[in-house]
């Protein structure tokens, strides 16, 4: 083979390789474009599906038909039953106006949290203050009120029980306690001595008539841990 023919031959091979490479490049670019298009179609189909499910229809034709029907708000799909269950649209409007007048939903949520916190605090301080009397109510000046089982004097560091009724004596006896042993107790000792009373009857409280001679809350909290006062 002559030298000129060699040059022509290698030039031809180089040209064919360039054509092949360019074709391969076009093929890869086409594949990438196809994959991108399929991804776009998949995303569009997913978004369309979520839209249809959110509105409550099965296809675009049904959605178009729904949107072109001009109807009153209370007749919109899914709203009529809700409005009926909650007193109608006028009551719903009144509720919204009341919420806005009170400062909005966030303000009401803040109030609700504050009420729950205060309720929990009162319950902690007063030890079952809302419990009913363990004894039947009695009539005093024509009005029913819980019967007191004793009188309690509350000082800074001492709680004294006085004038125990028969019910108080029976209560002490049922817990293996003597009146003389619990007549004068420190707040901490009072809590310990009468804790079994609450443990045995947590659904109710016995009442005491109270005379306070202290400015501190802790002695009263000791009394409220087992009794209610009046």
Task: Single condition residue 157 does not satisfy, out of (1) modelled with pLDDT of 75 or more; (2) assigned to a helix (DSSP H, G or I) - done: (2)
Open item on the list: Please go through (1) surrounded by fewer than 16 Cβ atoms within 10 Å (Cβ to Cβ); (2) under 24 Å from residue 144 (Cα atoms) for residue 207 and return the number of the only condition it doesn't satisfy.
Closed with: (1)
Open item on the list: Among the listed residues 102, 120, identify the single one that is more than 22 Å from residue 230 (Cβ to Cβ) and at pLDDT below 65.
Closed with: 120
TODO: Consider residue 110 carefully, then state whether it is within 30 Å of residue 230 (Cα to Cα), in a helix (DSSP H, G or I) and modelled with pLDDT under 95.
DONE: no
- [ ] Kindly check whether there is at least one residue in segment 175-189 that is modelled with pLDDT of 90 or more, surrounded by 11 or more Cβ atoms within 10 Å (Cβ to Cβ) and part of a strand (DSSP E or B).
- [x] yes
Open item on the list: Checking the conditions here, which among 164, 136 is within 19 Å of residue 230 (Cβ to Cβ), in a loop (DSSP other than H, G, I, E, B) and touching a strand residue (DSSP E or B) at 6+ places or on another chain (Cβ under 6 Å)?
Closed with: 164
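The values are calculated or read from the model by the stated rules, or taken from the named source; none is laboratory data. In this text the structure is predicted, and so the values were computed from the model without any measurement. Please note: Cβ atoms are built from the backbone with ideal geometry, for glycine as well, and neighbour counts cover all protein chains shown.
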